[in-house]
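Chemist: Structure provided below as structure tokens; questions to follow.
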Ligand code: NAD
Ligand code: UDP
């Protein structure tokens, strides 16, 4: 029997590259499509030469051409760090809107299943806590986060449009803050920043008083949830995240302790619209995917530290 084929947009990014690995392991042929805007060829270097793997350099906001059949399209292309979408607001809006349209059009042409990487940011600065999938969110459309949040909300609407109008098989995952190997050292998100600062002995920059909360998911848990969702019948969005909630100040202290660093914490201005709380309600993922996270935050941080240590040593060298 012919192998199944999956196209992964954003496949050179942090999450996309881990998904390339997972779907290869599951026996798929994997086509990774990326324009290297925020991703790196380094993340897929180990796959070059694998006969089931192919890399196509392409900007998915333009018409996507892929020869042959496809069973699945995973649409992960998009800047994902607040620093990235602050610096690249138009690319962020375009890949969430035009890019999603092109990826959906391709899935329809190939009669493939489509899975959208959405985000907890669709809930904005949530007035409901924890967030379940029925909550519609509290988003400022004109704030600097609006380019990301609204593009993802549009992408969800477009995905449901293709499902309802074209009967396309679609899936939507709402991903909560995820961390692990292959994040960029200068990614700007809390975890890579704190790890870099701690390993270099520089001050740890906590924005505001650090009382805002997040719930961090280890990448292997996320990938498992996404794989299960892609194989499931669930059309409406599913939260995938680790409900272990922590304040950012506490998180910074955990990283200082883990690295054994002498870094001090300094407070900087809180960016506009920074969500005050974030924690997934994962009852639905448990129910429909039989999924829940298995990696405790401290264990996950320990696994990730070795990777960042090597990156910092290289950047010093
Ligand atoms: P990332 O920046 O590491 O990866 C994104 C990838 O998309 C990069 O390789 C980039 O080059 C590529 N890309 C961007 N625009 C493109 C375009 N126009 N054409 C082709 N490729 C393009 O980010 P990530 O953390 O791996 O996030 C991947 C996806 O998951 C994003 O859609 C993001 O919104 C979503 N997500 C991630 C998190 C998280 O915690 N990492 C949380 C919520 C949602
Ligand atoms: N943050 C911080 N210092 C940094 C980077 C981020 O205090 O150097 C805070 C940020 O304001 C937010 C939290 O850490 O409250 C998580 O930020 P991140 O950029 O990782 O993702 P977000 O969940 O905000 O999209």
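The values are calculated or read from the model by the stated rules, or taken from the named source; none is laboratory data. Please read these numbers as outputs of a predicted model, since none were measured by experiment. Using ideal geometry, Cβ is built from the backbone for each residue, glycine included, and neighbour counts are taken over all protein chains shown.
Chemist: Could you list, in sequence order, the residues of segment 106-124 that are outside any strand (DSSP E or B) and within 16 Å of ligand 1 (Cβ to nearest atom)?
Modeler: 106, 107, 120, 121, 122, 123
Chemist: Applying the selection to segment 39-65, what residues are over 15 Å from residue 18 (Cα atoms), within 14 Å of ligand 1 (Cβ to nearest atom) and outside any strand (DSSP E or B)?
Modeler: Passing the criteria: 58, 59, 60, 61, 62, 63, 64, 65.
Chemist: Considering only segment 66-87, state which residues are away from ligand 1 (no atom under 12 Å from the Cβ), part of a loop (DSSP other than H, G, I, E, B) and in contact (Cβ under 8 Å) with a residue 12 or more places away in the chain.
Modeler: Result: 66, 68, 69, 70, 71.
Chemist: Working only within segment 1-14, note down all residues that are surrounded by 24 or more Cβ atoms within 10 Å (Cβ to Cβ) and either within 16 Å of ligand 2 (Cβ to nearest atom) or not in a loop (DSSP other than H, G, I, E, B) (or both).
Modeler: Residues satisfying the conditions are 6, 7, 8, 9, 13, 14.
For every residue, the table says whether it meets (1) surrounded by fewer than 21 Cβ atoms within 10 Å (Cβ to Cβ); (2) free of Cβ contacts under 8 Å to residues at least 12 places away in the same chain; (3) within 12 Å of ligand 1 (Cβ to nearest atom); (4) within 17 Å of residue 308 (Cα to Cα).
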residue	(1), (2), (3), (4)
200	yes, no, no, yes
215	no, no, yes, no
238	no, no, no, no
260	yes, yes, no, yes
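Chemist: Further, regarding this structure: Just one of 161, 201 is on the phi > 0 side of the Ramachandran plot and modelled with pLDDT of 95 or more; which is it?
Modeler: Exactly one residue qualifies, and that residue is 201.
Chemist: Within segment 48-88, track down each residue that is surrounded by fewer than 17 Cβ atoms within 10 Å (Cβ to Cβ), under 29 Å from residue 145 (Cβ atoms), more than 16 Å from ligand 2 (Cβ to nearest atom) and under 21 Å from the mean Cα position of the chain (by Cα).
Modeler: The answer is 57, and nothing else.
Chemist: Of all strands (runs of 3 or more DSSP E) completely enclosed by segment 229-278, which ones contain at least 3 residues that are within 15 Å of ligand 2 (Cβ to nearest atom) and under 13 Å from residue 208 (Cα atoms)?
Modeler: Because the criterion is at least 3 residues that are within 15 Å of ligand 2 (Cβ to nearest atom) and under 13 Å from residue 208 (Cα atoms), the strands (runs of 3 or more DSSP E) in segment 229-278 that meet it are 265-268.
Chemist: From 41, 45, grab the single residue that is without any contact (Cβ under 8 Å) to a residue 12 or more places away in the chain and either farther than 26 Å from residue 92 by Cα or surrounded by fewer than 16 Cβ atoms within 10 Å (Cβ to Cβ) (or both).
Modeler: Answer to the check: 45.
Chemist: Go through segment 195-224 and report how many residues are outside any loop (DSSP other than H, G, I, E, B) and either within 14 Å of ligand 2 (Cβ to nearest atom) or farther than 18 Å from residue 73 by Cβ (or both).
Modeler: Residues flagged as outside any loop (DSSP other than H, G, I, E, B) and either within 14 Å of ligand 2 (Cβ to nearest atom) or farther than 18 Å from residue 73 by Cβ (or both) within segment 195-224 amount to 20.
Chemist: Any residue at all in segment 24-35 that's within 16 Å of ligand 2 (Cβ to nearest atom), modelled with pLDDT of 95 or more and either out of contact with any strand residue (DSSP E or B) (no Cβ under 9 Å at 6 or more places or on another chain) or under 30 Å from residue 207 (Cβ atoms) (or both)?
Modeler: No, there is no match, as no residue in segment 24-35 is within 16 Å of ligand 2 (Cβ to nearest atom), modelled with pLDDT of 95 or more and either out of contact with any strand residue (DSSP E or B) (no Cβ under 9 Å at 6 or more places or on another chain) or under 30 Å from residue 207 (Cβ atoms) (or both).
Chemist: What's the number of the only condition in (1) within 20 Å of residue 243 (Cα to Cα); (2) touching a residue at least 40 places away in the same chain (Cβ under 8 Å); (3) touching a strand residue (DSSP E or B) at 6+ places or on another chain (Cβ under 6 Å) that residue 159 fails to meet?
Modeler: That leaves (1) as the condition not met.
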